[in-house]
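Take a look at the structure set out below.
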Amino acid sequence: MAELTMAPDEWSLPLLSIASVGLAGIVVWHLIPRRRANARLIVQIGFFLTMSVMLLDQHVVPYEAPRGDVTIAATVLAGVVKLLWWLHLAWALIGFVRIYLVVERKPREARLLQDLVVGVVYAGTLLSILAFVFAMPVGTLIATSGLFAIILGLALQNTLSDLFSGIALNLGRPYVLGDWIVLSDGTEGRVVETNWRSTHLLNSDHNVVALPNSFLAKLGLTNVSSPDESHGLSLTVRMAPTKMPAIVVDVMRTALLSCNAIQKEPPPLVKINGLDAMAIELELIFRVASIGQRVAARNEIFDLVYRHSKSTGLLLAMPAVSSVSLTDLPTEETAAPPRVAPVDLIRAIPFFSALTDDEQEALGATVTVRTYREGETIARQGEMLPSLMIVRAGVIVRQREDGDGHLQETGRLAPGDFYGETGLLAGIGEVSTLQAASHVVVYEIDQNSFAPLLLARPEMAEELAAILSARMAAFDEPGAPGQRHTSSRIALLRAIQAVFRAVPFKHVSSTQPAGHEKG
């Protein structure tokens, strides 16, 4: 401030120049679009450093209070320059904070902490301006405002509780945006927003639940998205004690092995929780890739438990609350396991839904039984199977070749599923490689067994073509136009006619004259 005791012309022009630089910085900073945060920060730092060098050259120290031996005009002009310098410093710090959060690529997650840092910067800047520009006793001001702070704190008790709870949650980081959390009171959902007062969850009903931060901080919290999105589940099933527990465990393990909706690593587990005269209670433990697959996985496993139990002769136990006499319970000697006849599986297949009961019975009488060892390749991708195979017991893995020629698993077949329909009906090769994941038993229906039915009822061919087209489309992958072409309804109908040497059919399609279809 020694230079301010000179003649007015000697100090006013340099200070006016510094003030002009500060004002120019503000204008330029506002002209740069917000989306160009890096450019705004560089400009802000550049103007701040320029003002700092110019102030030091004039021996004006921004963090010193004004002296009393200078003129009022000099004090006012120096105060304006200091004010601009402190504002540029604050904006440069805030710009740096915002750039850092953008680099982290999680701006919304740190919104509360970011606002807190910005508030601290502005508060510090305000106190500095009061102390070094207006020469106000900041310490006395803070002390005299204590009573007001107490009154304000009591009035805003709940809001401040939410505020500091939110700060604690953000610093502790038990969750981030996008995580699925489950609270101890049963509330669960995906975190979609956090702010000063509350955390918003998007639940499974697609509703947003706003939870006050103070309420959230008091509850136990489980983050099912950490350390990854996979989620562990368990199901309890009760089986009648008609077979040894080891056999029951092996059947349940096979059921889990055939499930397409669960992860194969880590492998699912089967645990015996209890054994008495009423039931063998088992817990099936498995993992799904994400929380959104819970329902689909549970439904598929219940279905597979039923199918594998029926195929191996296991019985479901009576409910634990039912009043059943011990003499009425089935034993391994007296239990009558449900017999799975070939016709039972045929009736469950869409291809044969158009057949009458007698025709289904006749077709079931022609089946033959095939078995495969674990690890044996049943059919390779592109290989044509002239027979329809219905899985009686075991698990079959579907695999398709990727661009590098490596086999990638695309699904699994369980009892009641079938394959080979493309070869039986249309002479088309398998869309995937089939490999036995366990000991497999299948029922085989060949073309010689099926041909009499199709020749006696030629109108069935169009229904079969429609069903086969939809089924092949389900196995189709993007970028496989050849498969999509062969799975068209008209092409499949022609293939069925050629395979079974059928006569031309009267009704082919609403857009294709029947006379154009030739065997």
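Structural remarks
- Given (1) modelled with pLDDT of 75 or more; (2) open to solvent by less than 40 Å² (accessible area, probe 1.4 Å); (3) farther than 22 Å from Thr377 by Cβ, index of the condition Glu444 fails: (3)
- Gly427 satisfies every condition listed in (1) farther than 21 Å from Glu409 by Cα; (2) touching a Lys or Arg at 6+ places or on another chain (Cβ under 7 Å); (3) at pLDDT 75 or above except (2).
- Among the residues listed as Met318, Met278, the single one being open to solvent by 60 Å² or more (accessible area, probe 1.4 Å), in a loop (DSSP other than H, G, I, E, B) and of a type in the set (A, V, I, L, M): Met318
- Condition check for Ala465: open to solvent by less than 60 Å² (accessible area, probe 1.4 Å) and at pLDDT 75 or above: yes
- Within the range 242-275, the set of residues being surrounded by fewer than 19 Cβ atoms within 10 Å (Cβ to Cβ) and part of a strand (DSSP E or B) comprises Leu269, Lys271, Ile272, Asn273, Gly274, Leu275.
- Single unsatisfied condition, Leu304 versus (1) modelled with pLDDT of 90 or more; (2) surrounded by fewer than 17 Cβ atoms within 10 Å (Cβ to Cβ); (3) touching a Ser or Thr at 6+ places or on another chain (Cβ under 9 Å): (2)
- Single condition Trp85 does not satisfy, out of (1) modelled with pLDDT under 85; (2) buried (at least 20 other Cβ atoms within 10 Å of the Cβ); (3) within 16 Å of Ala131 (Cα to Cα): (1)
- In the condition set (1) at pLDDT below 65; (2) within 30 Å of Arg197 (Cβ to Cβ); (3) out of contact with any strand residue (DSSP E or B) (no Cβ under 7 Å at 6 or more places or on another chain); (4) buried (at least 16 other Cβ atoms within 10 Å of the Cβ), Gly95 is compliant with all but (1).
- Residue check, Leu183 open to solvent by 40 Å² or more (accessible area, probe 1.4 Å), more than 16 Å from the chain's Cα centre (by Cα) and over 16 Å from Gly292 (Cα atoms): no
- Screening Glu193 against (1) more than 30 Å from Gly119 (Cα to Cα); (2) under 20 Å from the mean Cα position of the chain (by Cα); (3) not hydrophobic (A, V, I, L, M, F, W, C) leaves a single unmet condition, (1).
- Members of the range 354-397 that are closer than 15 Å to Ser438 by Cα, basic (Lys, Arg) and either open to solvent by 70 Å² or more (accessible area, probe 1.4 Å) or at pLDDT 90 or above (or both): Arg370, Arg373
- Strands (runs of 3 or more DSSP E) wholly inside the range 388-453 that include at least 1 residues being more than 30 Å from the chain's Cα centre (by Cα): 433-436, 440-446
The values are calculated or read from the model by the stated rules, or taken from the named source; none is laboratory data. Small disclaimer: the values here were computed from a predicted structure and weren't measured. Cβ sites come from the backbone with ideal geometry, for glycine too, and all protein chains shown count toward neighbours. Quick note on the areas: whole protein, heavy atoms, side chains included, nothing else; ligands and nucleic acids left out. Shrake-Rupley method; radii C 1.70, N 1.55, O 1.52, S 1.80 Å.
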